[in-house]
Ligand code: ZN
């Protein structure tokens, strides 16, 4: 079969012929229908320091996917050949202390599709059947694939109450944009979207943000955020990993508020925790992955009920054979989610 392969350590990737995967016991063979490009894919494509230490080529890239079940390995009875599924991309061990207490999202032995295991940018993909989530009927395959990153936003937004709260979303990549829609759906009284890219803030507005803050060249960010909140923030959903933005959003926060930290920074952040967090009774949550599978239930409920419409986020649809253009689009960052499709007629 054809696959987008990271063949060797170093920048780039190539379309290559690789052996057809076969599902073993407990596994499902999926035919790719749609796959999103994630920041992680860009890191692997560019071969940044994280990728160089983590990824062992040759590796088929990609993880956010919608697929059709082609075949099932022995012992799989909860899936049906021919059905469409979304895929949880964290493959967990089931035996570490975290897994045993049901905290699969922080499994100590997590392997990630497209990073530690062959991934989604291929004609066919083998995944653990446990990780396949049958998709609500009638959903656009791009939306089915988007459940994975959206699940990060759902997980972050579900750490506390949002109803009648002033919610600041810092960082309006696809996950932040989904968080804007979720906060509105949960009845936030005011949602403030923060980014430095005008095109993303435009999408945030389409997702229902009440106020957009462009941080390009901004000084006095804390004051800027307070003004945008018309007072203080009750909740911050932090999707940027940017230290100055984290500092500013804490400065804008009301005592007793809560923060979900999901964005990953480039390095350590310095914060005066005593004055910003401890003395003001702020609750901070580190959020990673998705709860397996409560987060998936919530995510697909938002989508199938129409309470959150992620259509505005899915801005670019590109054939996988045109992956270099897709990577450039995603890297430029002036878009929402870039979605790859199998080339028409060429793949089975
Ligand atoms: Zn585990």
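Packing, as the average of other Cβ atoms within 10 Å across residues, places the peptides 281-292, 262-273 in the order 281-292, 262-273, highest first. The range 78-125 and the range 303-348 have Cα centres lying 22 Å from one another. How would you classify the range 152-286 from its alpha-carbon gyration tensor, with a ≥ b ≥ c the square roots of the eigenvalues: rounded for a/c under 1.5, else prolate if a/b is greater than b/c, otherwise oblate? It comes out rounded by the Cα gyration axes. Its relative contact order, with pairs defined as Cα atoms under 8 Å and 6+ residues apart, puts the chain at 17 percent. Mean residue ellipticity at 222 nm, helices only, the chain: -8000 deg cm²/dmol; runs of at least 4 DSSP H residues each add -39,500 (n - 2.57), and the sum is divided by the number of residues. As a rough footprinting exposure proxy, the listed residues 93, 172, 99 were ranked by other beta carbons within 10 Å of their own, and the order from fewest upward is 93, 99, 172. Within the range 319-348, name every residue whose backbone N is under 15 Å away from a label modeled 7 Å from Cα of residue 81 along the Cβ vector. So the set is empty, nothing qualifies. The Cα center of the range 205-239 and the Cα center of the range 264-282 differ in position by 18 Å.
Oblate is the label for the range 1-109, because a/c, from the alpha-carbon gyration tensor with a ≥ b ≥ c as root eigenvalues, is 1.5 or above and a/b does not exceed b/c. This ranking places 189, 274 by how few other beta-carbon atoms lie within 10 Å of each, fewest first, which gives 274, 189. For the chain, the antiparallel share of DSSP beta bridges with both residues in that region comes to about 55%.
Our summary gives the range 152-286 a relative contact order of 23 percent, counting only alpha carbon pairs under 8 angstrom and 6 or more residues apart.
Starting from the Cα gyration tensor of the chain, take the square roots of the eigenvalues, sort them a ≥ b ≥ c, and report rounded, prolate or oblate (rounded when a/c is under 1.5, otherwise prolate if a/b is larger than b/c, else oblate). Since a/c reaches 1.5 and a/b is larger than b/c, the shape of the chain is classed as prolate. The angle separating the long axis of helix 141-157 from the principal Cα axis of greatest extent in the chain is about 40 degrees.
Each value in this text was obtained by applying a stated rule to the coordinates, not by laboratory testing. Note that the coordinates shown come from a computational prediction; the quantities given were computed from them, not determined experimentally. No Cβ is skipped: glycine too gets one built from the backbone with ideal geometry, and neighbour counts run over all protein chains shown.
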